[in-house]
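Chemist: After the structure tokens below, expect a handful of questions from me.
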4 protein chains.
Amino acid sequence: MGIILGDNQYGKAENRIVRIVRDSARHEIRDVNVSTCLRGRFDDAHLTGDQGAVLPTDTQKQTAYAYAKTVGLASLERYALALATHFIADIEPVDQARVELEEFAWERVSVGGAEHDHTWVRAGQEVRTVAVTVEDGATWITGGLKDLTVLKSTGSEFHGFLSDEYTVLEPTSDRIMATSLVAKWRFGDVDAATFDFDESYAEIKAALVETFADHHSLALQQTLYEMGKAALEAVPELVEVRLSAPNKHHFLYDLGRFGIDNANEVFHADDRPYGLIQASVTREDAPAAGPAWQQYTGLV
Amino acid sequence: MGIILGDNQYGKAENRIVRIVRDSARHEIRDVNVSTCLRGRFDDAHLTGDQGAVLPTDTQKQTAYAYAKTVGLASLERYALALATHFIADIEPVDQARVELEEFAWERVSVGGAEHDHTWVRAGQEVRTVAVTVEDGATWITGGLKDLTVLKSTGSEFHGFLSDEYTVLEPTSDRIMATSLVAKWRFGDVDAATFDFDESYAEIKAALVETFADHHSLALQQTLYEMGKAALEAVPELVEVRLSAPNKHHFLYDLGRFGIDNANEVFHADDRPYGLIQASVTREDAPAAGPAWQQYTGLV
Amino acid sequence: MGIILGDNQYGKAENRIVRIVRDSARHEIRDVNVSTCLRGRFDDAHLTGDQGAVLPTDTQKQTAYAYAKTVGLASLERYALALATHFIADIEPVDQARVELEEFAWERVSVGGAEHDHTWVRAGQEVRTVAVTVEDGATWITGGLKDLTVLKSTGSEFHGFLSDEYTVLEPTSDRIMATSLVAKWRFGDVDAATFDFDESYAEIKAALVETFADHHSLALQQTLYEMGKAALEAVPELVEVRLSAPNKHHFLYDLGRFGIDNANEVFHADDRPYGLIQASVTREDAPAAGPAWQQYTGLV
Amino acid sequence: MGIILGDNQYGKAENRIVRIVRDSARHEIRDVNVSTCLRGRFDDAHLTGDQGAVLPTDTQKQTAYAYAKTVGLASLERYALALATHFIADIEPVDQARVELEEFAWERVSVGGAEHDHTWVRAGQEVRTVAVTVEDGATWITGGLKDLTVLKSTGSEFHGFLSDEYTVLEPTSDRIMATSLVAKWRFGDVDAATFDFDESYAEIKAALVETFADHHSLALQQTLYEMGKAALEAVPELVEVRLSAPNKHHFLYDLGRFGIDNANEVFHADDRPYGLIQASVTREDAPAAGPAWQQYTGLV
């Protein structure tokens, strides 16, 4: 009954890199949080403390900043791919490298109706995410977003549900539906060197948001499925979409006690607990996911 | 050497009220966090436990939700004013009432190029704040914003500073300047019943942001002063602007060690510590502030 | 190229339940955050909006609170097991149920040297976690902790590492090592009705902390492995331990510029980036993990 | 109607300093978050951008770290006093300096029943705070704590309160009372060079906690007053205590709907809104507070 080392990985998390492009008076900005994760033959580091196979996390940091200059961040996906490929190509003990990014969006300040050349305000709708995993001869690219908070004040029902002795919820044919969406999507075969990931990002976000708005919902489950389906239909290169949606409850406030009518007008936005719905929507012929979904922080 | 009760106050903090207006198919939304604070003759509650003068915080909550329907939230300031006035007019032991609001902004979802009637996405640029204080015969109204994160990639210098034996900072004539702005402003005489607070909010925000962008900065102190001045010039009803600006440091990353030139292109966005600059800009003839700045959470 | 529904799950997250036992003047308290997650035949809810197979998340909430009374929280694991078993036994469409708990610890207030009967102060060392997954005929129980922050001011080295052209880190034979530990462990065959999970929790925590303290570290990887091994040796019923450790960097502050010697005495505790090391330590003959590690929030 | 500069201040916030004392094998640790704030003649920096009177915040940071070595952190108050005194004594334009500290407590790890020499676990009960303000010839010292979460499961009533048309709260003679306490206290005349601030801190915390536990409460207001009074009685050098207490509501869960009796046993711990009670308790002959309570972040 021996004790052995199981799966393991390590890297540098949350390098906060800001990249300015200043080739002209009109600057560009990319603001990212980069985490690098290496998987490979690191048994000795654990078992004996011998670090001979361990590239320091500090070195991974230096490399992430260096690549922000040499490769640049014009494409988040190509930056991540270059960085991950470097680790498996140049660092012998590394079998698999994963690079995860969060992007914080900025929009140009408007001054007198014109976009400013070198000043931005942080745009807070959502955080874009990217995760690229590379092995010798294989690559997995996923995109995503988080913290996209959407709300519809009507067009959402919930009734006909299963009930038991603990069921006291009243069915409703008109409620607020709100969520803070997390979405991740997996690309199938794309030519990563030329594919326009920024354009597909915009298309996917639009598909998700427009479906949330326009789809008359019988449940958050149904809405999520339709959102995932719309994203897959919008971007042929996608093979799977995963969605996580907290049901941010807005409870109709009981004003009747004070003789005040409240016809779906005043709500209490509650914090906890919340329903949490998660679903994957996929193409029937999607290739196996491999390590695409194995997040850096997913092992523990 | 007796021990006595000093200043005291109480209320209900963070009522998360969402108000939908659904008079037509095109709904409107206001999403606020409301705190109510009462100051007055509550000594017995503290000294003997007699609650006869204490209107429960639960009652304050009910009132805040009820007023969201009866007064409505079309104007944040008029809602706050009505609520505060109710407390001092109708609750005998109350001498002063303060209502503080945060507003979370939503923007309409665009579907096929058209604004959706009843679906919104949370707009994250900043949180708008309002604080109204009412006594018998007197009213103080302040507005504000927080978490407005702005960055300029050039047009900012810092040199010629005082130095001593602990000074190792290099002067610079070109740096990133970034901050997450908190601003508060105090109105002088306005007809609260008719003044367009939403319009003045937009004007003040524009003045702050445009000045941040266009003003060539010799220091964050100078930029803050110019921003406050611009806001006062933009809205004659303002008498004072207060600004708090963390200097969100972006350190040029040393890539020279790797033979890579870094001409203000790659930066590390640091978390802590940060410079913190605060200033008030005021009209010479501004009336005394009274309790305008005495925040609910400011006593302790 | 059809589009189909993939994995999905739903439930109620973060029910904040406080349970007092008041059978005598000496009360007991359990303070937990409970999330319930159901997996099963919910395709119709997604595909057509038919909720006939969906037990509302509100019902799951009511059940969680009801079981806090009828089953009680004297054992977190048995409470979770009872709740999960109820869902698969009594709710027909449910194939698998998972209940996740966080426990917030309280310790009795000391008054005049004696423990108080009904007053506690929140003890903040760590948050205890439990996750129980139940299918028809099978059960998986995991325990864990998070946010356990430990630091040693010596007894930690890091040298002999792999280096490349981006490596500038200096090797060290004496550094601060600090982490905010997340640990999860999986039980093999235990009689859940009688096993003393609280005692094993204390033993595992002690094994982790004592090993962190006493083991002379050549790298965080090595320390983690030894910690996991010590936990497995301390509690025979464990079959696997997973550890996630951010390397909370404490950088020696450069005071030499001011003519001040700093012999590992003054450090800057940095926020980001941080190394992040994760490892599993397991028995050679450990049974397959099945869904034990499939966290509620792990799908997306 | 000119526009002028009003109050202003600046400094370096949140220097995360860890100080190890390693004079023997048994190390000591102090872990603090230090903010320095200067007030003085900085008009030119704001009005013209001339930084000649501005000691950079970077220099303040270097000084804070340097003093952590030269003065040390054995006494938080004496460290803060030395640092603040340096700024007004040695930096000509500075009229007033304020140093604020938060201390994160660590306790020694126990290994085999013995305290470990150089390993600690972060103790999470509360964060200790200190603020020292110095002018030429005058000093104000305050202490405090925050995030001390206490709960009593009985011994708390609330009834006899004022009611109006919005009052629906039921009076109660037995409820959970819980809060996350913020306390600040002001010292009168003490010999800062010799006074045992650590001992007084322990006495004040004990007075607050024991009173919370033992005092039969008719309202949180009454409990707060008694807590402040107990602290003043315990430490003669104190002249004022300020307390801020969110009423962390624990709502009795309605299980009667399911035929289950719930005699103050199962509660829902709600997040928002919460009552918020604040009070000052002071000696009748307390000297004027001066700038003692003027927090760094209090201007805006």
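The values are calculated or read from the model by the stated rules, or taken from the named source; none is laboratory data. Computed from a predicted model, the values in this text were never measured in an experiment. Glycine gets a Cβ as well: all are built from the backbone with ideal geometry, and neighbour counts include every protein chain shown.
Chemist: For region B:1-46: of the residues being over 31 Å from the mean Cα position of the chain (by Cα) and either hydroxyl-bearing (Ser, Thr, Tyr) or more than 18 Å from residue D:276 (Cα to Cα) (or both), which is modelled with the lowest pLDDT?
Modeler: B:1
Chemist: Of all residues in region B:179-213, count the ones that are within 23 Å of residue B:157 (Cβ to Cβ) and out of contact with any helix residue (DSSP H, G or I) (no Cβ under 9 Å at 6 or more places or on another chain).
Modeler: Going through region B:179-213 one residue at a time, the tally reaches 2.
Chemist: Separate question: Pairs only if they're at least six apart or on different chains, beta carbon under 9 angstrom, first in region C:191-205 and outside the structural domain of residue C:103 (by TED's automatic domain parsing) and under 17 Å from residue C:241 (Cα atoms), second basic (Lys, Arg) and at pLDDT 95 or above; list them, first residue then second.
Modeler: C:197/C:78; C:201/C:128; C:205/C:128
Chemist: Would you mind stating whether residue A:166 is buried (at least 17 other Cβ atoms within 10 Å of the Cβ), more than 30 Å from residue A:137 (Cβ to Cβ), touching a helix residue (DSSP H, G or I) at 6+ places or on another chain (Cβ under 6 Å) and free of Cβ contacts under 8 Å to residues at least 40 places away in the same chain?
Modeler: Yes; evaluated as a whole, the condition is true for this residue.
Chemist: Right, next: So which residues in region B:227-248 are away from chain D (no Cβ under 11 Å) and assigned to a loop (DSSP other than H, G, I, E, B)?
Modeler: B:235, B:237, B:248
Chemist: Of all residues being within 14 Å of chain B (Cβ to nearest Cβ) and among the charged types (D, E, K, R) in region A:132-156, which is farthest from residue B:117 (Cα to Cα)? Just the residue, please.
Modeler: Step one: filter region A:132-156 for residues within 14 Å of chain B (Cβ to nearest Cβ), giving A:145-156.
Next, from what is left, pick out any that are among the charged types (D, E, K, R): A:146-147, A:152.
Numbers: A:146: 24, A:147: 22, A:152: 9 Å.
Looking at the filtered set, the residue picked out is A:146.
Chemist: Looking only at region D:200-219, decide whether some residue is over 30 Å from residue C:34 (Cα atoms), modelled with pLDDT of 95 or more and aromatic (Phe, Trp, Tyr).
Modeler: Yes, region D:200-219 has at least one match.
Chemist: Next question. Being buried (at least 21 other Cβ atoms within 10 Å of the Cβ) and either part of a loop (DSSP other than H, G, I, E, B) or within 10 Å of chain B (Cβ to nearest Cβ) (or both) is the filter here; which residues of region D:20-38 pass it?
Modeler: Within region D:20-38, D:34, D:35, D:36, D:37 qualify.
Chemist: Could you check, for region A:280-289, whether at least one of its residues is within 19 Å of residue C:12 (Cα to Cα) and of a type outside the set (Ser, Thr, Tyr)? Talk me through it step by step, then tell me what you get.
Modeler: We begin by selecting, within region A:280-289, every residue within 19 Å of residue C:12 (Cα to Cα); these are A:280.
Checking the rest, the ones that are also of a type outside the set (Ser, Thr, Tyr) come to none.
Scanning region A:280-289, I find no residue that is within 19 Å of residue C:12 (Cα to Cα) and of a type outside the set (Ser, Thr, Tyr), so the answer is no.
Chemist: What is the number of the single condition among (1) more than 9 Å from chain A (Cβ to nearest Cβ); (2) surrounded by fewer than 20 Cβ atoms within 10 Å (Cβ to Cβ) that residue B:122 does not meet?
Modeler: The one condition residue B:122 does not meet is (1).
Chemist: Within region C:249-284, take every residue that is part of a strand (DSSP E or B) and more than 7 Å from chain A (Cβ to nearest Cβ) and give me the one that is surrounded by the fewest Cβ atoms within 10 Å (Cβ to Cβ).
Modeler: Filtering first and then ranking leaves C:251.
Chemist: Conditions first: (1) in contact (Cβ under 8 Å) with a residue 60 or more places away in the chain; (2) crowded, with 20+ Cβ neighbours inside 10 Å; (3) of a type outside the set (Phe, Trp, Tyr); (4) at the interface with chain A (Cβ under 10 Å from one of its Cβ atoms). Residue C:222 passes all but one, so which condition is the exception?
Modeler: (1)
Chemist: Could you identify the single residue in B:60, B:9, B:51 that is surrounded by 21 or more Cβ atoms within 10 Å (Cβ to Cβ), touching a strand residue (DSSP E or B) at 6+ places or on another chain (Cβ under 9 Å), within 9 Å of chain D (Cβ to nearest Cβ) and assigned to a loop (DSSP other than H, G, I, E, B)? Lay out the reasoning, then the answer.
Modeler: Working: B:60 fails: assigned to a loop (DSSP other than H, G, I, E, B); B:9 fails: assigned to a loop (DSSP other than H, G, I, E, B).
Unique residue meeting the criteria: B:51.
Chemist: Quick check on this structure: which one of C:57, C:36, C:70 is without any contact (Cβ under 8 Å) to a residue 24 or more places away in the chain and either among the basic types (Lys, Arg) or outside the structural domain of residue C:185 (by TED's automatic domain parsing) (or both)?
Modeler: C:70
Chemist: Mind listing whichever residues of region A:81-91 are more than 19 Å from residue A:295 (Cα to Cα) and either of a type in the set (Lys, Arg) or touching a Leu at 6+ places or on another chain (Cβ under 8 Å) (or both)?
Modeler: Selection gives A:91 alone.
Chemist: Does residue B:129 meet the test of being at pLDDT 95 or above, outside the structural domain of residue B:228 (by TED's automatic domain parsing) and buried (at least 19 other Cβ atoms within 10 Å of the Cβ)?
Modeler: So residue B:129 fits the description; yes.
Chemist: If you go through region B:250-276 one residue at a time, how many are touching a helix residue (DSSP H, G or I) at 6+ places or on another chain (Cβ under 7 Å) and acidic (Asp, Glu)?
Modeler: Qualifying residue count, region B:250-276: 1.
Chemist: Shifting gears a bit: Please pick out the residue among D:29, D:20, D:4 that is assigned by TED's automatic domain parsing to the domain that holds residue D:94, more than 23 Å from residue D:98 (Cβ to Cβ) and touching a Phe, Trp or Tyr at 6+ places or on another chain (Cβ under 6 Å). Walk me through how you get there before you give the answer.
Modeler: On the way: D:20 fails: touching a Phe, Trp or Tyr at 6+ places or on another chain (Cβ under 6 Å); D:4 fails: touching a Phe, Trp or Tyr at 6+ places or on another chain (Cβ under 6 Å).
Of D:29, D:20, D:4, the one residue that is assigned by TED's automatic domain parsing to the domain that holds residue D:94, more than 23 Å from residue D:98 (Cβ to Cβ) and touching a Phe, Trp or Tyr at 6+ places or on another chain (Cβ under 6 Å) is D:29.
Chemist: For residues that are facing chain C (nearest Cβ under 10 Å) and free of Cβ contacts under 8 Å to residues at least 40 places away in the same chain, tally how many sit in region D:169-181.
Modeler: So the count comes out to 0.
Chemist: For region D:32-64, how many residues meet the condition of being over 18 Å from residue D:132 (Cα atoms), in contact with an Asp or Glu (Cβ under 8 Å, 6 or more places away or on another chain) and of a type in the set (D, E, K, R)?
Modeler: Total meeting the criteria: 3.
Chemist: Continuing with this model, one more query. Checking residue C:110 against (1) among the small types (Gly, Ala, Ser); (2) away from chain D (no Cβ under 14 Å); (3) farther than 30 Å from residue C:232 by Cβ, which test does it fail?
Modeler: Exception for residue C:110: condition (2).
Chemist: Within region A:83-92, can one find any residue that is among the β-branched types (Val, Ile, Thr), crowded, with 19+ Cβ neighbours inside 10 Å, in the same structural domain as residue A:14 (by TED's automatic domain parsing) and closer than 18 Å to residue A:186 by Cβ?
Modeler: No, every residue in region A:83-92 fails to be among the β-branched types (Val, Ile, Thr), crowded, with 19+ Cβ neighbours inside 10 Å, in the same structural domain as residue A:14 (by TED's automatic domain parsing) and closer than 18 Å to residue A:186 by Cβ.
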